[in-house]
Amino acid sequence: MRLRLCTVWWKAIVALLALIFPASVARAQAPAVNFAWSEREVVAGERFTLDIEVVNGKDIGNPVLPVVDGLAFTVLPGRTSMSETRITNGRSEQRLTTTVTVQAIAKIPGKLTVPPVAITVDGKEWRSEAAALIVRDAQVADDVAPLFVDIVADPTTPFVGQPTTLTLRIWARPYRDVRQNVKLDEGSMWQFIDLEHSKFGLFKKSLEEMSRRNQRPAGRTQLKGDYEYFVYPIPLDYRASRPGPPQVGEIEIQFNYPTGLRVTRDVFDRKRMQATGVRPISVQPSLVDAAVRALPAEGQPPFFNGAVGRFVVSASAKPTQIAVGDPITVTFTVSSQISDEGASLEELQAPAFASMPELNKNFRIPSDAIAGKISDRRKVFTQTFRPVTDAVTEIPAIPFAYFDAVSGRYEVVETKAIPITVSAAEQLNLSQIVGGTANAVERPERNLTAVAGGLLANAPPSAALLANERAPIGLTLAVIAGAPPIACAAIAVALGAKRRRDADPLRRRSAKAGRLAASALPAHTSPEQVLAALTGYVADRCGLADGERTRADAVGALRERGVDDELVTRFDRLLATCERSRFAPKGDDSVSVDEARELVRQLEREQLSLKAGVR
């Protein structure tokens, strides 16, 4: 009896927990299979793989491999498994991934088509898609361009003023070392781009923004004809102000393409690849694949003022009860209906109120251009209207024209009319104006009487009046009297000095440069840290911008300020050593931290001006 009660209670508790904690019940998922080739472009004799990932499969068979001339398959022994638990909306999901790896070797150069690979999971057959492979001859030099650059636009034919996304694309061929059986990944290939000496035109802003977020362009694999490239996209929000090709500035990419690799090991015995040599390459982009179109003249309203996008408008006036000639402050608001129109509002101009007949006949409006204020996706303009007659009863609807680049036509929106009350101006008679001659104002006559004896006739001077009663001033009294003005003067001098320091942040930054460089150069410092410390020191001493922290910027700043040529040459030589050490194996660099500190000490004795050419 007791056992039966315990069983009943246990079932009740389990049911209650299942209701309260549904996340504790795991849902079973149907199996899924994914086929992934490691490469689509290989070298004859080079191994590559096909990974078959099976998710939540229990009974996994062996893959059925097709027979392809010039291609040999081998199923690697052992299978890797990885388990994870996902909780979504209070429910847990168990995910078990098992990977079956098939190794392949291509023997004959050319193009191969691999038929589908099949595998059976829990009684169901899964098949991959046919794969096209390109096999290169390892003995033949690859004369395909290792790097090229182009620019694409979206949309490709925008109108003047229409938001456009320009993308600078850097195409880099992955470097392969057949002897090491190694192909560099996209992160390693990006390191060979010489960012310091490359020119990016308008795209430099996008790169600097990525750098502030500790990011870089992410390369993706893409085929160009029969060849594989890593493509690094750099996007730019662009808005053309005139028709024709987009003006993106000077662009020239410098690339140090590797010519050989060697394998090293770090302190954790992890394999690292180091370049044994590089080949400098300089490329410029092909013509921009875009053409900016001029806005059509057909259908353009006479009051169109260059707005491109989609907008709504509103207006308000204050005060609304005035006399003829009194000012009315009219606030005109333009709101964008497109989420990315923030940049276009900067170029948006106010309507030409003074040239609109509906407004000009009843109001006096200044014709000067007015600036607006941007808030979120709105731009607010403020203008003064003065009614010229008391017959005016409203500020009429104000039209606003814009060009909709999506539909390709002009649209007109209007504000609502604003009721106002205008009274006649008060008029004064000439006799009411001060200074008028119609009725002269009578003033009482005042006569002066001369008194015999002049000023001294009132009271004769006495001995007490003429006596000298000056109190003697001793040393104590002099100190007490002089202390307050001296203290005030000292405080004023100190406050003035503080204001001057606060008003000149560059001078404060220059004064702290030496201390910051010393703290950034401890005994064990990597070459990259030495490079950053020295270039940062020169930037702080000379007041350079944040983006001017390269070797060329630092050396140029020292030469412009007349620093001794021998000292500048030593400084430049040390920076060059730091840069070369980026591709050297660990322990092969010859960067001396002591030399870096000595250079900073010598530069501290130089009178480096915050402006070039001033000593």
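What are the pairs with Cβ atoms under 6 angstrom where one residue, in the stretch 124-135, is closer than 11 Å to VAL42 by Cβ and the other, located anywhere, is open to solvent by less than 70 Å² (accessible area, probe 1.4 Å)? Sequence gap at least six, or different chains.
If the second residue must be open to solvent by less than 70 Å² (accessible area, probe 1.4 Å), the pairs left are LEU133/LEU112; ILE134/GLU41; ILE134/ASP226; VAL135/VAL42; VAL135/ALA44; VAL135/ALA106; VAL135/PRO109; VAL135/GLY110.
Could you tell me which residue of the stretch 573-583 is modelled with the highest pLDDT, considering only residues that are more than 26 Å from GLU560 (Cα to Cα) and touching a helix residue (DSSP H, G or I) at 6+ places or on another chain (Cβ under 8 Å)?
My answer is SER581.
Among the residues of the stretch 174-197 satisfying the criterion of being among the charged types (D, E, K, R) and part of a loop (DSSP other than H, G, I, E, B), which is farthest from the chain's Cα centre (by Cα)?
Taking the stretch 174-197 as the starting set, the residues that turn out to be among the charged types (D, E, K, R) are 176-177, 179, 183, 185-186, 194, 196.
If we keep only those that are part of a loop (DSSP other than H, G, I, E, B) as well, we get 179, 185, 194, 196.
Details: ARG179: 42, ASP185: 26, ASP194: 21, GLU196: 19 Å.
Once the filter is applied, the top-ranked residue is ARG179.
Residues checked against (1) at pLDDT 80 or above; (2) closer than 24 Å to LEU195 by Cβ:
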| position | (1), (2) |
| --- | --- |
| ASP504 | no, no |
| THR525 | no, yes |
| THR535 | yes, yes |
| ASP546 | no, yes |
| ALA552 | yes, yes |
| GLY562 | yes, no |
| VAL591 | no, yes |
| ARG597 | yes, no |
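Kindly provide the set of residues from the stretch 388-400 that are within 16 Å of GLN349 (Cα to Cα) and not in a loop (DSSP other than H, G, I, E, B), ordered by number.
PRO399, PHE400
Within the stretch 341-371, track down each residue that is modelled with pLDDT of 85 or more and not hydrophobic (A, V, I, L, M, F, W, C).
GLN349, PRO351, PRO357, GLU358, ASN360, LYS361, ASN362, ARG364, PRO366
Any idea how many residues of the stretch 66-92 are open to solvent by 50 Å² or more (accessible area, probe 1.4 Å) and either assigned to a loop (DSSP other than H, G, I, E, B) or of a type in the set (Gly, Ala, Ser) (or both)?
Selection size over the stretch 66-92: 9.
Among residues belonging to the stretch 217-264 that are at pLDDT 85 or above and of a type in the set (Asp, Glu), point out the one that is nearest to ASN181 (Cα to Cα).
Among those that are at pLDDT 85 or above and of a type in the set (Asp, Glu), it is GLU228.
Which residue out of THR165, THR156 is out of contact with any His (no Cβ under 8 Å at 6 or more places or on another chain), within 30 Å of GLN337 (Cα to Cα) and assigned to a strand (DSSP E or B)? Steps first, please.
Values: THR156 fails: assigned to a strand (DSSP E or B).
Every option except THR165 fails the conditions.
Could you list, in sequence order, all residues of the stretch 536-557 that are open to solvent by 10 Å² or more (accessible area, probe 1.4 Å) and in a helix (DSSP H, G or I)?
Let us first name the residues in the stretch 536-557 that are open to solvent by 10 Å² or more (accessible area, probe 1.4 Å), namely 540-541, 543-553, 555-556.
Hits for the stretch 536-557 are ASP540, ARG541, ARG551, ALA552, ASP553, VAL555, GLY556.
Just to be sure before I move on: is ASP154 open to solvent by 70 Å² or more (accessible area, probe 1.4 Å), among the acidic types (Asp, Glu) and without any contact (Cβ under 8 Å) to a residue 60 or more places away in the chain in the structure I sent?
On the way: open to solvent by 70 Å² or more (accessible area, probe 1.4 Å): yes; among the acidic types (Asp, Glu): yes; without any contact (Cβ under 8 Å) to a residue 60 or more places away in the chain: yes.
For ASP154, the condition - open to solvent by 70 Å² or more (accessible area, probe 1.4 Å), among the acidic types (Asp, Glu) and without any contact (Cβ under 8 Å) to a residue 60 or more places away in the chain - is met.
Could you check the stretch 250-318 for strands (runs of 3 or more DSSP E) lying wholly inside it with 2 or more residues that are under 28 Å from PHE332 (Cα atoms) and touching a strand residue (DSSP E or B) at 6+ places or on another chain (Cβ under 6 Å)?
311-318
Starting from the stretch 178-207, keep only residues that are free of Cβ contacts under 8 Å to residues at least 60 places away in the same chain and closer than 24 Å to GLN247 by Cβ, then list their pairs with residues that are part of a loop (DSSP other than H, G, I, E, B) and open to solvent by less than 30 Å² (accessible area, probe 1.4 Å) whose Cβ atoms are within a distance under 6 Å, requiring at least 6 positions of separation or different chains.
Pairs found: GLY201/VAL248; LEU202/VAL248.
Kindly establish whether VAL160 is open to solvent by 20 Å² or more (accessible area, probe 1.4 Å) and touching a Pro at 6+ places or on another chain (Cβ under 8 Å).
So VAL160 fits the description; yes.
Working only within the stretch 319-342, note down all residues that are part of a loop (DSSP other than H, G, I, E, B) and of a type in the set (Gly, Ala, Ser).
GLY325, SER339, GLY342 - these are the residues of the stretch 319-342 that are part of a loop (DSSP other than H, G, I, E, B) and of a type in the set (Gly, Ala, Ser).
Among the residues of the stretch 265-311, how many are touching a helix residue (DSSP H, G or I) at 6+ places or on another chain (Cβ under 8 Å) and either at pLDDT below 85 or closer than 26 Å to GLN191 by Cα (or both)?
Counting residues in the stretch 265-311 that are touching a helix residue (DSSP H, G or I) at 6+ places or on another chain (Cβ under 8 Å) and either at pLDDT below 85 or closer than 26 Å to GLN191 by Cα (or both) gives 4.
Name the pairs whose Cβ atoms lie under 6 Å apart, with the first residue in the stretch 303-326 and in contact (Cβ under 8 Å) with a residue 12 or more places away in the chain and more than 30 Å from PHE159 (Cα to Cα), the second part of a loop (DSSP other than H, G, I, E, B) and among the small types (Gly, Ala, Ser), and 6 or more positions between them or separate chains?
Partner pairs satisfying both residue conditions: ALA323/ALA425; VAL324/ALA425; GLY325/ALA425.
Counting just the residues of the stretch 198-243 that are charged (D, E, K, R) and part of a loop (DSSP other than H, G, I, E, B), which one comes out most open to solvent (accessible area, probe 1.4 Å)?
From the stretch 198-243, those charged (D, E, K, R) are 199, 204-205, 208-209, 212-213, 216, 220, 224, 226, 228, 237, 239, 242; that's our starting set.
Restricting the remaining residues to those that are part of a loop (DSSP other than H, G, I, E, B) gives 213, 216, 226, 242.
Values: ARG213: 121, ARG216: 87, ASP226: 59, ARG242: 145 Å².
Among them, the one singled out is ARG242.
In this structure, does GLU125 turn out to be farther than 27 Å from ARG173 by Cβ, of a type in the set (Asp, Glu), in a strand (DSSP E or B) and open to solvent by 70 Å² or more (accessible area, probe 1.4 Å)?
yes
Could you check ARG262 against (1) open to solvent by 50 Å² or more (accessible area, probe 1.4 Å); (2) within 17 Å of ALA401 (Cα to Cα) and say which number it fails?
Against the list (1) open to solvent by 50 Å² or more (accessible area, probe 1.4 Å); (2) within 17 Å of ALA401 (Cα to Cα), ARG262 comes up short only on (2).
Considering only the stretch 350-373, how many residues are surrounded by 15 or more Cβ atoms within 10 Å (Cβ to Cβ) and in a strand (DSSP E or B)?
Adding up the residues that qualify gives 1.
Within the stretch 401-422, can you find the residues that are open to solvent by 40 Å² or more (accessible area, probe 1.4 Å) and in a strand (DSSP E or B)?
Answer for the stretch 401-422, where residues must be open to solvent by 40 Å² or more (accessible area, probe 1.4 Å) and in a strand (DSSP E or B): ARG409, GLU411, VAL412, GLU414, PRO419, THR421.
Please state which of the following conditions PRO155 fails to meet, knowing it meets all the rest: (1) under 30 Å from ARG310 (Cβ atoms); (2) more than 21 Å from the chain's Cα centre (by Cα); (3) modelled with pLDDT of 90 or more.
(3)
The values are calculated or read from the model by the stated rules, or taken from the named source; none is laboratory data. The model shown is predicted, which means the values in this text are computed figures rather than measured ones. As a convention, Cβ positions derive from the backbone with ideal geometry for all residues, glycine included, and neighbour counts pool all protein chains shown. Please note that ligands, DNA and RNA were not included when accessible areas were found on the heavy atoms of the full protein model with its side chains. Shrake-Rupley method; radii C 1.70, N 1.55, O 1.52, S 1.80 Å.
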